[in-house]
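Enquirer: One structure coming up, written as structure tokens, with questions to follow.
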Amino acid sequence: MAKIIAGDLPSSIQSMIMQVSSRAATDDLQNLVFVAPYDITLKAAKVSFASAVTGADTNYFTVRVRNLGTNGSGTTDLASLAFSSTSVTASAKVPKSLTLGSDVTASAGELIAVMIDHAGNGLASPCCTIQFDFTWT
């Protein structure tokens, strides 16, 4: 007899949580989160920083959930949030929603990564936790 777990159902929302270390103002690094086991659709993404963040007009960073495709060279942002003005802020330990992209799907076998990249002279980013929720088909 098979046991069905809610996560095995296509309409069930799954969550991936990734911790990202703090980044200096010029570090542009990405962290592989996982390989999509099925065709997936991103439903939401949030970031929570260890300390408060206030954006800046010229020197800032962007948090991204990116589809790298099957070969690791893809550039489609499934969700992102640019701290590109002083009006973009995040309180410490309070989840902040990322904006979903126009294409929020990934096919089975594609690599999904979280990344923080910097513009201008950058803005140091504190360590954070990124969560994204998805369904599979």
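Enquirer: Determine, yes or no, whether Ala92 is of a type outside the set (Ser, Thr, Tyr) and modelled with pLDDT of 90 or more. Show your work before the answer.
Expert: Values: of a type outside the set (Ser, Thr, Tyr): yes; modelled with pLDDT of 90 or more: yes.
When the stated conditions are applied, Ala92 passes them.
Enquirer: Moving to a separate point now. Filter the stretch 95-137 down to the residues that are touching an Asp or Glu at 6+ places or on another chain (Cβ under 8 Å) and not in a loop (DSSP other than H, G, I, E, B), then identify the one that is farthest from Met16 (Cα to Cα).
Expert: It comes out as His118.
Enquirer: Still on this model: When the stretch 43-64 is examined, which residues are found to be farther than 17 Å from Val94 by Cα and modelled with pLDDT of 95 or more?
Expert: Lys43 - this is the single residue of the stretch 43-64 that is farther than 17 Å from Val94 by Cα and modelled with pLDDT of 95 or more.
Enquirer: Separate question: Of the residues that sit in the stretch 101-117 and are among the β-branched types (Val, Ile, Thr) and crowded, with 19+ Cβ neighbours inside 10 Å, which one is modelled with the highest pLDDT? So that I can check it myself, show each step before the final result.
Expert: Taking the stretch 101-117 and keeping what is among the β-branched types (Val, Ile, Thr), we get 104-105, 112, 114, 116.
If we keep only those that are crowded, with 19+ Cβ neighbours inside 10 Å too, we end up with 104, 112, 114, 116.
Working: Val104: 96, Ile112: 93, Val114: 90, Ile116: 87.
For the stretch 101-117, the residue satisfying everything is Val104.
Enquirer: Exposed (fewer than 14 other Cβ atoms within 10 Å of the Cβ), under 18 Å from the mean Cα position of the chain (by Cα), assigned to a loop (DSSP other than H, G, I, E, B) and at pLDDT below 90: is that true of Pro10 in this structure? Break it down stepwise before answering.
Expert: Working: exposed (fewer than 14 other Cβ atoms within 10 Å of the Cβ): yes; under 18 Å from the mean Cα position of the chain (by Cα): no; assigned to a loop (DSSP other than H, G, I, E, B): yes; at pLDDT below 90: yes.
It is false that Pro10 is exposed (fewer than 14 other Cβ atoms within 10 Å of the Cβ), under 18 Å from the mean Cα position of the chain (by Cα), assigned to a loop (DSSP other than H, G, I, E, B) and at pLDDT below 90.
Enquirer: Check Leu78, Leu42, Leu68, Leu32 and return the single one that is surrounded by fewer than 17 Cβ atoms within 10 Å (Cβ to Cβ), aliphatic (A, V, I, L, M), under 15 Å from the mean Cα position of the chain (by Cα) and part of a strand (DSSP E or B). Break it down stepwise before answering.
Expert: Values: Leu78 fails: surrounded by fewer than 17 Cβ atoms within 10 Å (Cβ to Cβ); Leu42 fails: surrounded by fewer than 17 Cβ atoms within 10 Å (Cβ to Cβ); Leu68 fails: surrounded by fewer than 17 Cβ atoms within 10 Å (Cβ to Cβ).
Being surrounded by fewer than 17 Cβ atoms within 10 Å (Cβ to Cβ), aliphatic (A, V, I, L, M), under 15 Å from the mean Cα position of the chain (by Cα) and part of a strand (DSSP E or B) holds for just one of Leu78, Leu42, Leu68, Leu32, which is Leu32.
The values are calculated or read from the model by the stated rules, or taken from the named source; none is laboratory data. Note that the structure is a prediction, hence the values are computed from the model and not measured. FYI the Cβ positions are ideal-geometry reconstructions off the backbone, even for glycines, and counts take in every protein chain you see.
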